[in-house]
Amino acid sequence: MSQSDRSARVRLVDVARAAGVSKTTVSDALNGTGRLPAATREHVQKVARSLGYRPNATARLLRAGHTRLIGVAAREHVETPWVYAELAYFGQLVTATTRAALVHGYGVVLLPTTGPGDCWLDMPLDGVFVVDPVEGDPMVGDFLAAGVPVVSDRRALKEVASRGTQEAGRWVDFDYGSAARQVLDHLEDAGAERVAVVAAATTACFHQQSVDAYLDWCAERGREPRIAYLPGPGIQNVLDAVGGLIEDADALFVLVEASPALLLDTIRKFGRSVPDDLLLVCITEDPTAPYTDPPVSTLSYLPDETAQAAVALLVDSIEGRAGDHGRLFSADFQIRASSVAPGHGPARRTAASPLPPG
């Protein structure tokens, strides 16, 4: 029998029998508790080592009231279950959150996007990172009410605070409206007059603020909005929306995660050419965007940076440190050939750094 096989079978009672003491004495000796003679404590520890005994870390953490587990949930769409980690942005966000959590000694649990009632409260978590909560999202309030630290966006925490919750949580956020306007102004500077938008039919703050900025931008210029709302997540919904919008548009701003190559292919199938007669900007973390033909302009919401900040804020809250209450970031707009019309100059890069804590 190997050492690992023996270790897997050694229990607290086995150590007690071998040492000739009670289970309580073994527990006190191994945990540094109780009033034991030094010789007894040393004897029990020696026997435990010789048997290959290892304490159950999970049970020990639960007894101490901690699991060292952080929950992550993406709440853009809560009507039906969906696998958010399949999308480039959420996939990178989950990876970065997991990596940052491990640095702090925590693991990550992916929470379901939807479920019966407050099912998520049954999961033993030390803290939760709630991404893109919908308006009035119960998840944020339920966790805070249960005494579980939360990091989310500012709107969600303000909604909870307005209901009288004492602990307001911490936040990471962007000025989504300003980021959308930066893209729209760029498209206008490139000669676009009929900018169409693909958006998700969700009340998540990112989508609401981005769409509101687009509608205001159109109203200020006396232009008719051209917007398609997706019925739910899924690449086919995005491609169908693109096909229905581009006939009378000269620019397309895609506010949902999609493959740049598939978007270009769909646009070509409808007889349009990027950027000759249709400019294109996508919100995506797909790493192929700079390598498509033409390279696609992208607006990035910095999943790596925001995940690291969210985990740091959450761990501070879990472990009782004061620290910052939030981090405000600016999106990173990478301008490439897909949104630069012929004769309007070479593509350029507009990068933004994290703003000071707000």
For this session: Please give the number of the condition Asp189 fails out of (1) surrounded by fewer than 15 Cβ atoms within 10 Å (Cβ to Cβ); (2) over 14 Å from Leu255 (Cα atoms); (3) at pLDDT below 90.
Result: (3)
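Regarding Glu305, is this residue among the acidic types (Asp, Glu), assigned to a helix (DSSP H, G or I), open to solvent by 10 Å² or more (accessible area, probe 1.4 Å) and touching a Phe, Trp or Tyr at 6+ places or on another chain (Cβ under 7 Å)?
Yes: the conditions hold for Glu305.
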Exercise. Would you call Arg181 closer than 30 Å to Asp324 by Cα and surrounded by fewer than 20 Cβ atoms within 10 Å (Cβ to Cβ)?
Worked result: yes
Exercise. Of the residues in region 192-201, how many are under 23 Å from Ala156 (Cβ atoms) and either crowded, with 18+ Cβ neighbours inside 10 Å or among the β-branched types (Val, Ile, Thr) (or both)?
Worked result: 2
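Among the residues of region 318-341, what is the count of those that are part of a helix (DSSP H, G or I) and buried (at least 21 other Cβ atoms within 10 Å of the Cβ)?
Initially, region 318-341 is screened for residues part of a helix (DSSP H, G or I), giving 318, 337-339.
Filter once more, so that each one left must be buried (at least 21 other Cβ atoms within 10 Å of the Cβ): 338-339.
Result for region 318-341: 2.
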For this session: Report the residue count in region 14-34 for those that are of a type in the set (D, E, K, R) and open to solvent by less than 50 Å² (accessible area, probe 1.4 Å).
Result: 2
Problem set entry | helices (runs of 4 or more DSSP H) enclosed by region 28-111 - at least 1 residues per element that are closer than 28 Å to Pro138 by Cα and modelled with pLDDT under 75 | 57-63
For this session: Report, by residue number, each residue of region 320-338 that is at pLDDT below 95 and more than 25 Å from Tyr176 (Cβ to Cβ).
Result: Gly320, Arg321, Ala322
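Could you tell me which residue of region 160-178 is modelled with the lowest pLDDT, considering only residues that are part of a helix (DSSP H, G or I) and surrounded by 17 or more Cβ atoms within 10 Å (Cβ to Cβ)?
Step one: list which residues in region 160-178 are part of a helix (DSSP H, G or I), which gives 160-162, 176-178.
Restricting the remaining residues to those that are surrounded by 17 or more Cβ atoms within 10 Å (Cβ to Cβ) gives 160, 176-177.
Numbers: Val160: 83, Tyr176: 96, Gly177: 96.
Only one residue tops the list, namely Val160.
For Ala146, are the conditions met, namely being open to solvent by 10 Å² or more (accessible area, probe 1.4 Å), in contact (Cβ under 8 Å) with a residue 24 or more places away in the chain and either more than 22 Å from Pro303 (Cα to Cα) or over 19 Å from the mean Cα position of the chain (by Cα) (or both)?
Working: open to solvent by 10 Å² or more (accessible area, probe 1.4 Å): yes; in contact (Cβ under 8 Å) with a residue 24 or more places away in the chain: yes; either more than 22 Å from Pro303 (Cα to Cα) or over 19 Å from the mean Cα position of the chain (by Cα) (or both): yes.
It is true that Ala146 is open to solvent by 10 Å² or more (accessible area, probe 1.4 Å), in contact (Cβ under 8 Å) with a residue 24 or more places away in the chain and either more than 22 Å from Pro303 (Cα to Cα) or over 19 Å from the mean Cα position of the chain (by Cα) (or both).
The values are calculated or read from the model by the stated rules, or taken from the named source; none is laboratory data. It should be emphasised that the depicted structure is a prediction, and the values quoted were computed from it without experimental measurement. Cβ atoms come from the backbone with ideal geometry, glycine included; neighbour counts cover every protein chain shown. Heads up: the accessible areas ignore ligands, DNA and RNA and are worked out on the full protein's heavy atoms, side chains in. Shrake-Rupley method; radii C 1.70, N 1.55, O 1.52, S 1.80 Å.
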